Amino acid sequence: MDDIVRQAMAKWPNVPHCWGWLGLDARGTWYMRDDRVQAAGPFPAHKGSALRHEKLIDFIHRNYAPDAQGHWYFQNGPQRVYVELENTPLVWRIGAGHSLQAHTGIAAPSPRLCVLDEEGRLYLDTEAGFGLVHSLDMDAAAEAVESGEWRPQEMSWADLPRRFGFVRSPQQAMRGD
């Protein structure tokens, strides 16, 4: 977490949390969801505007974390901005030698577990967290599976949040939907 964020939290400890305004899609793209978009319906059916400002995206990445209940948020100064997830809190990119890097830039060692859902999507559980393999990296993932380096276990998409401790919609969880 950035020092400036820690200082803001200390200075203004009681700023209310923000729900529904930020979304993360299955390819690691962030979306700003204003009142109009939120009124139109839930994420990802109504995504909003894709964020393109690199410095803002880097700031989000440095200050992105889960709370104790598995709700992922971006600590924006003194305010927590909870994130609506299309799929998982991390999106993994696969590099040379099947190296892993999350959409946030965090590298991870080899996965502890490889998961395949009923739609054929591949997920990796690592020391850095649980995430979906980016769709553009499925050829590299297939190589890792075919070589026996990764051995997928089948799991239902609906069971992943409970099994890996994350919440896809903190806004719905907060409202009790």
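What follows is calculated from the coordinates using simple rules that are stated; it is not laboratory data. The shown structure was predicted, so the numbers you read here are calculated from the model rather than taken from an experiment. Because the Cβ atoms are built from the backbone with ideal geometry, glycine has one as well, and the counts that use them run over all protein chains shown.
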Candidate set: the stretch 99-110, residues that are outside any loop (DSSP other than H, G, I, E, B) and in contact with a Leu (Cβ under 8 Å, 6 or more places away or on another chain); chosen: the one nearest to Ser169 (Cα to Cα): Ala102
Residue satisfying condition, being in contact (Cβ under 8 Å) with a residue 60 or more places away in the chain, of a type outside the set (Ser, Thr, Tyr) and closer than 20 Å to Arg27 by Cβ, within set Leu116, Leu132: Leu132
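Residues checked against (1) surrounded by 16 or more Cβ atoms within 10 Å (Cβ to Cβ); (2) out of contact with any Leu (no Cβ under 6 Å at 6 or more places or on another chain); (3) not β-branched (Val, Ile, Thr):
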{"position": "Glu86", "(1), (2), (3)": "yes, yes, yes"}
{"position": "Gly97", "(1), (2), (3)": "no, yes, yes"}
{"position": "Leu124", "(1), (2), (3)": "yes, yes, yes"}
{"position": "Ala128", "(1), (2), (3)": "yes, yes, yes"}
{"position": "Gly131", "(1), (2), (3)": "yes, no, yes"}
{"position": "Ser135", "(1), (2), (3)": "no, yes, yes"}
{"position": "Ala144", "(1), (2), (3)": "yes, yes, yes"}
{"position": "Pro161", "(1), (2), (3)": "yes, yes, yes"}
{"position": "Arg168", "(1), (2), (3)": "yes, no, yes"}
Subset of the stretch 62-114 (residues that are among the hydroxyl-bearing types (Ser, Thr, Tyr) and more than 13 Å from the chain's Cα centre (by Cα)): Ser99, Ser110
